[in-house]
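The values are calculated or read from the model by the stated rules, or taken from the named source; none is laboratory data. From a predicted model like this one, the values you see are computed outputs, not experimental measurements. Don't worry about glycine lacking a Cβ; one is built from the backbone with ideal geometry, like all the others, and counts go over all protein chains shown.
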Amino acid sequence: MHTKTKVSAVVLVLATAGAFMLSTGSASSHGYTDLPVSRQKLCAIGTVTNCGDIQYEPQSVEGPKGFPAAGPADGQICNGGLSRFTQLSSPTTPSGVAWPTTKVTGGQAYVFRWQFTAVHATTDFRYYITKQGWNQNHPLSRSDLTTTPFLIVPYNGRRPPGTLSHSGTLPSGLSGRHVILAVWTIADTGNAFYACSDITF
């Protein structure tokens, strides 16, 4: 009887541990874009300073998936709805100047790149861009974006390598300053990772 009780206790512990691992599975998967360089990457490498926690965790901008129908609320898109990282959604850096931009050319091929600190089963990668004439003076909202992605890269549940690059064509007919929103959708959790990159056409 004593042995049976011990076995039952072990089974209970293992079941509890398994449930915990399932519930926290998304915590093992993290990533961000560095081509074009994202706001979180600029903070991590010190190009932008006084960013708070995000400078140590550029890979952790994880929020609900399903954008644009679901996902982070307007005004919190670039920080994935996480209050720890609100600096990412501000239209300016913590020092009050505009976020640095990457220069690009409309209608040209561009290589987008993700860096992963841990990988996860992936549905796809989607890229959105701001409309011409968007309001640059407030945190990004859906009304600022063309909510049809200009690039979708299906991944069919596979796990990406530590670094993943894919090529797409940048939209034509845009000029001046814009934001690209990259969304990495996880296949087996309810979450996605978000990264905003500032560009100039």
Check whether at least one residue in segment 134-144 is without any contact (Cβ under 8 Å) to a residue 40 or more places away in the chain, farther than 18 Å from A187 by Cβ and among the charged types (D, E, K, R), and report yes or no.
yes
Result of the Cβ filter at 6 Å on segment 46-64, keeping first residues that are farther than 17 Å from S83 by Cβ and modelled with pLDDT of 95 or more and partners that are among the β-branched types (V, I, T) and assigned to a loop (DSSP other than H, G, I, E, B), at least 6 apart or interchain, is V48/T93
Could we say that L140 is in a loop (DSSP other than H, G, I, E, B), touching a Cys at 6+ places or on another chain (Cβ under 9 Å) and under 26 Å from E57 (Cα atoms) here?
yes
Among the residues of segment 42-59, write down those that are buried (at least 22 other Cβ atoms within 10 Å of the Cβ) and in contact with a strand residue (DSSP E or B) (Cβ under 7 Å, 6 or more places away or on another chain).
P58
Could you say whether any residue in segment 7-17 is within 30 Å of I199 (Cα to Cα) and either modelled with pLDDT of 95 or more or not charged (D, E, K, R) (or both)?
no
In segment 107-136, how many are surrounded by fewer than 16 Cβ atoms within 10 Å (Cβ to Cβ), out of contact with any helix residue (DSSP H, G or I) (no Cβ under 8 Å at 6 or more places or on another chain), at negative phi and outside any strand (DSSP E or B)?
2
Just name the residue that is surrounded by the fewest Cβ atoms within 10 Å (Cβ to Cβ) out of those in segment 60-70 that are of a type in the set (G, A, S) and either more than 21 Å from P36 (Cβ to Cβ) or out of contact with any strand residue (DSSP E or B) (no Cβ under 9 Å at 6 or more places or on another chain) (or both).
A69
Qualifying residues in segment 146-201 (those that are in a strand (DSSP E or B) and in contact with a helix residue (DSSP H, G or I) (Cβ under 6 Å, 6 or more places away or on another chain)) - the one farthest from R39 (Cα to Cα)
N191
Hits in segment 76-101 (condition: in a loop (DSSP other than H, G, I, E, B), within 15 Å of the chain's Cα centre (by Cα) and surrounded by fewer than 21 Cβ atoms within 10 Å (Cβ to Cβ))
G81, L82
